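Participant: Mind having a look at this structure? Questions to follow.
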Amino acid sequence: MTPSHGPPGRQQSFSLGTEGEPVKGLYSVARVTFANPDTDYAVVHLVPADADDEADSLAAVGTLRNPEVGACYQIEGVWRQDPRYGPQVRITSAIPQIPTSLAAIERYLAGASIKGLGPHHARRLIEHFGERILDVLEEGGQRLREVPGIGPVRARQIRESWAEHQGMHELMANLQGVAQLTPMQAQRIFRELGHDAWQAITSDPYLLAERVRGFGFKTCDRIGRSIGLDELAPQRLQAGLLHALGEALNEGHLWTAPDELLAQAAELLDAPNELLTPQLEALIEQGRALQVTLGGSSSTHEAIYLRAAAQAEERIAAHLGDWLQAPPAEALRLSSRVADEQIRVVGPDGLTAIQRQAIAQLLGGQRLVVLTGGPGTGKTTTMRTLIRCLEAQEITYALCATTGRASKQLADTTQRPAATVHRHLGIGFGPDAQHIEPVRETVLIIDEASMIDLWLMDQIVERLTPDTHLFLVGDIDQLPPVGPGAPLQDLISLAETGSHPGLGVVRLDQIFRQEAGDASLIVVNCHRVRDGQRPQAGSPERSDYYEMLRATPQEARDLIVELAAERLPRYLGVPPSEVQVLSPMHGGDAGVQALNAALQERLNPPAHHKQELALGRSTNGHRMVLRVGDKVRQLRNDYDKGVFNGDLGLVAAINRDRSTDAPTVHVRFDGVPVTYSVAELDDLVHAWAMTVHAAQGSQWPAVVIALLTSHYVMLERNILYTALSRARRLAVLVTQERAVRVAIQRSRSTTRRTGLVARLTQ
């Protein structure tokens, strides 16, 4: 006997049909195994809508929009026997339905992710109100407190969550024929715009790009076309101009010249300049874009900024301009003779004159000192000597770095406590995250300062006091920061103008030999690459740099997995988590996504005791599964959670929320547990492999670098330089000879368009 063909009756369980036999009826989702919101493809377990027992659920696959536990559909499909997974229903049609039977309503309420309402309380609501419960909720849920065990707090939770749930479903229904948005996107829209979301979208869909995270111009443009918005409408033209400015910001540039901006927007929008010029003027008048005149009296140019970028840079310039002119702290006014004597007493033998100069500048009252140099040039030795001098003079200081991993390494190399800049300065932490707590120490030392972008620099300078001195250490030849701007480069350029005597820059260029005797090939090759020379190989018996050639990306990927999972951990005596795989690109057979999928399969395969959660994102054609034991990376600053872009963690548990039965993922960052809801999982990606850009500011005992001709668009000198400099003990380049030659020959990095130097010298 097969499931009902026609109007559903009392269907107690599935009975297996034969291959190709039709299936039709009203069914509820008992479990969601996988759902891809980009394609609506889903793997679910179904039960007849009015079945009390879910034990006999059966897998179904096909297009299923917004599948949630308890959601009810009129299903049409056919039986099929999958050779790997066994009997399944292949769905050909799934039309959402309002549940009508008590069993279906209870299942719907229990699985609808309503806060305060899990299976236990869903049963109580059904027992008290019966089939009238949906009407009670639709009428505002004022009668919920009639139910034993539901107090005022839970009742309010249920009412508010139900209103949001229904609002999102209504929004999804409105958008159904307009644009294929995912449930997660609809949830973000509803939470930002509320019940007026549909009205806001129809009046100006491009506002989503400004107000809702995860929306860009292309998605908004698709919605705009769907609702019939004119291609030359002011909303669209203004959105195109803002998009062009946003794209420049994503590339690191803070401003764009007006003519260039108009040309870029004209190409994007297929609109003439004469229509765009008044819309740019309107944006400036509205304050959504700012026009700034940069330069001195002899040469000026106009720059168009996004408002947030202009305001941040203006604040940085204002704070730095005043702070650099303040007299030094009393404790840091040592004469050059006293400073030299102090350095001689506490410093190691062999300290060079240029290293001593960096320390003496700070001890002599220099307000800000920038120490830059490549790997192996003695930056850490200089920092350690400076710390000893400060301690000898009883001058307070703090050690910080731009990433968690870099702060750990800083603590290890100096044998002193160190923290991330965010944590030490309290950026986004505490009950009042907006409160600005000034720097308490006299000297703030920040390592890996080349990673500081516009936004972080804004936060740092806002906390500087007249008694604070700043010592920034970084490698200016690395890739620029992931975020916009180039503050460290700007400060070096500012020092060259001589306009601010309180700012000093010291460059280290001498390579020091290791204690073992022979120079590190990692260090030597970093400098060779920087100078446009090919890396050189050492002896197979003893080296810290190796090249391994492979003909195809697939062969390279297989070798990389073997190296990272087995050979290098065994060779160095470290866990696989301390071997980092780097690739220039996300896509392709040897890109980050494919490498992470292969490394997860090798290092953390599925097992009956490991919880896992299928995410609605594809990885190189494969579904992405988050599993207990996975190495993950945070993609954005989340001040509420206290985790930041680039932080590495380990998935510790995947549980179900007791009140809603919704999945929650628990990740440990440096031993600190952080909980994610399903809606927040877009902030996490696997981290066995990452791009070279994402690896900035961190080092590992060993790195394995993929550098192939398939990465052609990303092959350039500072990509290879930065990748090599991430390795402390061993670097392995899995490559092709032509790819190495192309990378060495290309030095395409452009200077970022910023206005900080101009603002501080005007």
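Participant: Being assigned to a helix (DSSP H, G or I), touching a residue at least 24 places away in the same chain (Cβ under 8 Å), touching a strand residue (DSSP E or B) at 6+ places or on another chain (Cβ under 9 Å) and β-branched (Val, Ile, Thr) narrows it down to one of Ile354, Ile304, Ile316, so name that one.
Facilitator: Ile354
Participant: Can you tell which of Ile105, Ile91, Ile95 is of a type in the set (A, V, I, L, M) and touching a helix residue (DSSP H, G or I) at 6+ places or on another chain (Cβ under 8 Å)?
Facilitator: Within the list Ile105, Ile91, Ile95, the selection yields Ile105.
Participant: Next up: Going through the stretch 207-257 one residue at a time, which ones are open to solvent by 70 Å² or more (accessible area, probe 1.4 Å), of a type outside the set (Asp, Glu) and more than 28 Å from the chain's Cα centre (by Cα)?
Facilitator: Result: Arg225, Leu232.
Participant: Do you know which residues across the stretch 490-531 are at pLDDT 90 or above, under 17 Å from Ser725 (Cα atoms), aliphatic (A, V, I, L, M) and not in a helix (DSSP H, G or I)?
Facilitator: Leu508
Participant: Across the stretch 703-760, what is the number of residues that are among the small types (Gly, Ala, Ser) and open to solvent by less than 10 Å² (accessible area, probe 1.4 Å)?
Facilitator: 8
Participant: Against the conditions (1) among the aliphatic types (A, V, I, L, M); (2) within 28 Å of the chain's Cα centre (by Cα); (3) open to solvent by 10 Å² or more (accessible area, probe 1.4 Å); (4) within 28 Å of Ile359 (Cα to Cα), where does Val524 fall short? Just the number, please.
Facilitator: The single condition Val524 does not satisfy is (2).
Participant: Quick check: anything in the stretch 532-547 in a loop (DSSP other than H, G, I, E, B), of a type in the set (D, E, K, R), at pLDDT 90 or above and loosely packed, with under 14 Cβ neighbours inside 10 Å?
Facilitator: So far as the stretch 532-547 goes, no, none of its residues is in a loop (DSSP other than H, G, I, E, B), of a type in the set (D, E, K, R), at pLDDT 90 or above and loosely packed, with under 14 Cβ neighbours inside 10 Å.
Participant: Taking the stretch 328-339 only, how many residues are in a helix (DSSP H, G or I) and either open to solvent by less than 70 Å² (accessible area, probe 1.4 Å) or of a type in the set (Val, Ile, Thr) (or both)?
Facilitator: Within the stretch 328-339, residues that are in a helix (DSSP H, G or I) and either open to solvent by less than 70 Å² (accessible area, probe 1.4 Å) or of a type in the set (Val, Ile, Thr) (or both) number 4.
Participant: Does Arg307 meet the test of being basic (Lys, Arg) and closer than 30 Å to Pro501 by Cα?
Facilitator: no
Participant: Could you grab me the full set of residues in the stretch 479-489 that are open to solvent by less than 20 Å² (accessible area, probe 1.4 Å) and either part of a helix (DSSP H, G or I) or of a type outside the set (A, V, I, L, M, F, W, C) (or both)?
Facilitator: Result: Pro481, Gly483, Pro484, Gly485, Pro487, Leu488.
Participant: Moving to a separate point now. So the check is Cβ under 6 Å with 6+ separation or different chains; which pairs have a first residue in the stretch 542-564 that's under 21 Å from Tyr721 (Cα atoms) and in contact (Cβ under 8 Å) with a residue 40 or more places away in the chain and a second one that's in a loop (DSSP other than H, G, I, E, B) and polar (S, T, N, Q)?
Facilitator: These pairs meet every condition: Asp544/Ser520.
Participant: Same structure again: Of all helices (runs of 4 or more DSSP H) completely enclosed by the stretch 82-167, which ones contain at least 2 residues that are modelled with pLDDT under 80 and open to solvent by 60 Å² or more (accessible area, probe 1.4 Å)?
Facilitator: Per the criteria, 119-129.
Participant: Filter the stretch 352-375 for residues that are open to solvent by less than 10 Å² (accessible area, probe 1.4 Å) and of a type in the set (A, V, I, L, M, F, W, C); which is farthest from Val523 (Cα to Cα)?
Facilitator: Residue satisfying both the conditions and the ranking: Leu363.
Participant: Here is a follow-up. Which ones in the stretch 688-697 are open to solvent by less than 10 Å² (accessible area, probe 1.4 Å) and either closer than 21 Å to Val742 by Cβ or of a type in the set (Ser, Thr, Tyr) (or both)?
Facilitator: Within the stretch 688-697, Val692, Ala695 qualify.
The values are calculated or read from the model by the stated rules, or taken from the named source; none is laboratory data. Not measured: the values here are computed from a predicted model. Note that we place each Cβ from the backbone using ideal geometry, even for glycine, and neighbour counts take in every protein chain shown. Just so you know, the surface numbers come from the protein's heavy atoms only, side chains and all, with ligands and any DNA or RNA stripped out. Shrake-Rupley method; radii C 1.70, N 1.55, O 1.52, S 1.80 Å.
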